[in-house]
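**Q** For reference, the structure I am asking about is given below.
The values are calculated or read from the model by the stated rules, or taken from the named source; none is laboratory data. Values in this document were obtained by computation on a predicted structure and should not be read as measured data. Cβ placement follows ideal geometry from the backbone for every residue including glycine, while neighbour counts extend to all protein chains displayed.
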Amino acid sequence: MDLPQLRRLLNRAEVEVLLTTHARVEAIKDGLTETDLRRTLEQGEEIEDYPDRARALLLGWTAECFPCHIVIEWETGDVQVVIVSAYIPDSREWYPDWKRRRRRKTR
């Protein structure tokens, strides 16, 4: 994903931001606002890329300094970027830098 290009287009209002119902529900459950999600989209760090699905996972921070993860879907040329999921990462699943997943224990 060309995140710098997406951000240039967002700054010029050439790309619309959409939220899935899932993203809205999960954000509300975790106390995330649309401002938190937008800030993460505009300033967050790409920590995982899923090129086969034109998606990426971004890490940002809320105004209260909580980590915020959003999964976005966008391809070059699209006029909309979709926030597919949004949540505060769980410390049991993520290392303290919030960028790396912990390995799941196999039984």
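**Q** Could you say whether any residue in region 25-32 is surrounded by 13 or more Cβ atoms within 10 Å (Cβ to Cβ), outside any helix (DSSP H, G or I) and not hydroxyl-bearing (Ser, Thr, Tyr)?
**A** yes
**Q** Here is a follow-up. Considering only residues that are surrounded by 10 or more Cβ atoms within 10 Å (Cβ to Cβ) and farther than 16 Å from GLU46 by Cα, which ones fall in region 77-89? If you could, list the steps in order and put the result at the bottom.
**A** If we filter region 77-89 for residues that are surrounded by 10 or more Cβ atoms within 10 Å (Cβ to Cβ), which is where we start, we get 78, 80-89.
Across region 77-89, the qualifying residues are ASP78, GLN80.
**Q** Return a yes/no flag: does region 89-102 have any residue that is touching a Cys at 6+ places or on another chain (Cβ under 8 Å) and part of a strand (DSSP E or B).
**A** no
**Q** In addition: Can you name every residue in region 63-86 that is at pLDDT below 95 and touching a Leu at 6+ places or on another chain (Cβ under 8 Å)?
**A** Answer for region 63-86, where residues must be at pLDDT below 95 and touching a Leu at 6+ places or on another chain (Cβ under 8 Å): there is none.
**Q** Looking for something out of contact with any helix residue (DSSP H, G or I) (no Cβ under 6 Å at 6 or more places or on another chain) and farther than 20 Å from ARG101 by Cβ - is there at least one such residue anywhere in region 44-51?
**A** Among the residues of region 44-51, not one is out of contact with any helix residue (DSSP H, G or I) (no Cβ under 6 Å at 6 or more places or on another chain) and farther than 20 Å from ARG101 by Cβ, which makes the answer no.
**Q** While we're here: List the strands (runs of 3 or more DSSP E) inside region 36-81, counting only whole elements, that have at least 1 residues being within 16 Å of LEU19 (Cα to Cα) and of a type in the set (Gly, Ala, Ser). Walk me through how you get there before you give the answer.
**A** Numbers: elements: 45-50, 55-61, 67-73.
The strands (runs of 3 or more DSSP E) meeting that bar are 55-61.
**Q** When the residues of region 10-23 are filtered to those that are in contact (Cβ under 8 Å) with a residue 40 or more places away in the chain and not acidic (Asp, Glu), which remaining residue is surrounded by the most Cβ atoms within 10 Å (Cβ to Cβ)?
**A** So the residue we want is ALA23.
**Q** Now for a different question. Just checking, which of ARG101, ARG39, ARG7, ARG92 is at pLDDT below 95 and surrounded by 11 or more Cβ atoms within 10 Å (Cβ to Cβ)? Explain how you work it out, then say what you get.
**A** Working: ARG39 fails: at pLDDT below 95; ARG7 fails: at pLDDT below 95; ARG92 fails: surrounded by 11 or more Cβ atoms within 10 Å (Cβ to Cβ).
Just a single option satisfies the conditions, and that option is ARG101.
**Q** Answer yes or no as to whether LEU41 is of a type in the set (A, V, I, L, M, F, W, C) and over 12 Å from the mean Cα position of the chain (by Cα). Lay out the reasoning, then the answer.
**A** Working: of a type in the set (A, V, I, L, M, F, W, C): yes; over 12 Å from the mean Cα position of the chain (by Cα): no.
In short, no.
**Q** Of all the residues that make up region 83-100, how many are among the small types (Gly, Ala, Ser) and closer than 27 Å to VAL17 by Cα?
**A** Within region 83-100, residues that are among the small types (Gly, Ala, Ser) and closer than 27 Å to VAL17 by Cα number 2.
**Q** A further question on this structure: Being closer than 24 Å to ALA54 by Cβ and among the polar types (S, T, N, Q) is the filter here; which residues of region 64-107 pass it?
**A** Correct list: THR76, GLN80, SER85.
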